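The values are calculated or read from the model by the stated rules, or taken from the named source; none is laboratory data. In this text the structure is predicted, and so the values were computed from the model without any measurement. Here Cβ is always computed from backbone atoms with ideal geometry, including for glycine, and neighbour counts include all displayed protein chains. Side chains are part of the model used for accessible areas, which takes the heavy atoms of the whole protein and leaves out ligands, DNA and RNA. Shrake-Rupley method; radii C 1.70, N 1.55, O 1.52, S 1.80 Å.
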Amino acid sequence: MALDQSFVGRSYPPTEPYEVGREKIREFAEAVRDPNPVYTDPEAAKALGYSDLIAPPTFVFAITFKAAGDVIADPQLGLDYSRVVHGDQKFAYSRPVRAGDRLTVTSTIETIKSLAGNDIIDVRGEVHDEAGEHVVTAWTKLVARAAGEA
């Protein structure tokens, strides 16, 4: 069943603040095997003009995808999560994510399409810091596979 087009443009309340910790940044950099010292060594980050460690560009996926969970769980939308696969991800940064940031995410449904029986939904996550300044916008594409697909 196709998703309701009237949900396009719907925004969900901002998430509770997520505090970005140094160890989380280090762990993420290690997990993605990125040896850049700005992710692990505060002095290396400061030498490049940052106030503290910065996070790898894909670090915010964890918090923006969690925020997209509000969209996924909306019973009125009717998305069958058991059929969902992650289709695409992109980011547009105003500045890097830094250790100590307290970030909130506001999710908005940008588009809903049906293609070959699949529902495709694009969710935009606007990430702001505690001062309300924009940090990054993340776009997540979710594909709910048509019934009957393996």
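Quick look at the numbers
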| read-out | value |
| --- | --- |
| Partners for Lys113 among lysines (Cα-Cα distance below 25 Å; same-chain residues under 8 apart left out) | Lys66, Lys90, Lys141 |
| Estimated vicinal HN-Hα couplings, Hz - the range 19-28 in sequence order (Karplus 6.51, -1.76, 1.60; Gly, Pro = x) | 8, 7, x, 4, 5, 4, 4, 4, 4, 5 |
| Nearest-ten-degree value, helix 61-72 long axis tilted from longest Cα axis of the chain | 30 degrees |
| With every protein chain in place, the chain: carbon and sulfur % of accessible area (1.4 Å) | 53 percent |
| Structure-based [θ]222 nm, the chain - -39500 (n - 2.57) summed over DSSP H runs of at least 4, per residue, nearest 500 | -5500 deg cm²/dmol |
| Inter-probe distance in nm under a simple model that places probes 7 Å from Cα toward Cβ, at Glu30 and Thr58 | 1.8 nm |
| Solvent-accessible heavy-atom area per residue, rounded to whole Å², over the range 84-150 at 1.4 Å | 46 Å² |
| Under Karplus coefficients 6.51, -1.76 and 1.60, residue-wise ³J(HN,Hα) of the range 44-58 in Hz, glycine/proline x | 5, 5, 5, 4, 9, x, 8, 6, 6, 3, 10, 9, x, x, 8 |
| Efficiency of FRET between Arg102 and Ser11 - r from beta-carbon atoms, R0 22 angstrom, step 0.05 | 0.60 |
| Neighbour net charge for Arg102 - beta-carbon separation under 9 angstrom, K R +1, D E -1 | -4 |
| Environment charge of Gly132, counting only residues whose C-beta is closer than 12 Å and scoring Lys/Arg +1, Asp/Glu -1 | -3 |
| Approximate shape of the range 33-150 as ellipsoid semi-axes (Cα gyration tensor, √5λ), whole Å, largest first | 33, 15, 10 |
| Extension gain from Asp70 to Lys90, taking 0.36 nm per residue of separation minus the Cα-Cα distance | 5.3 nm |
| Relative contact order (%) - criterion: Cα under 8 Å, at least six apart; region: the chain | 29 percent |
| Longest exposed-site-free window of the chain, the sites being GluC sites (Glu not before Pro) in a DSSP loop that have at most 11 other C-beta atoms within 10 Å | 1-132 |
| Rounded to whole Hz, the Karplus (6.51, -1.76, 1.60) HN-Hα couplings of the range 115-128, x for glycine and proline | 9, 6, x, 8, 9, 10, 10, 10, 10, 9, x, 8, 9, 10 |
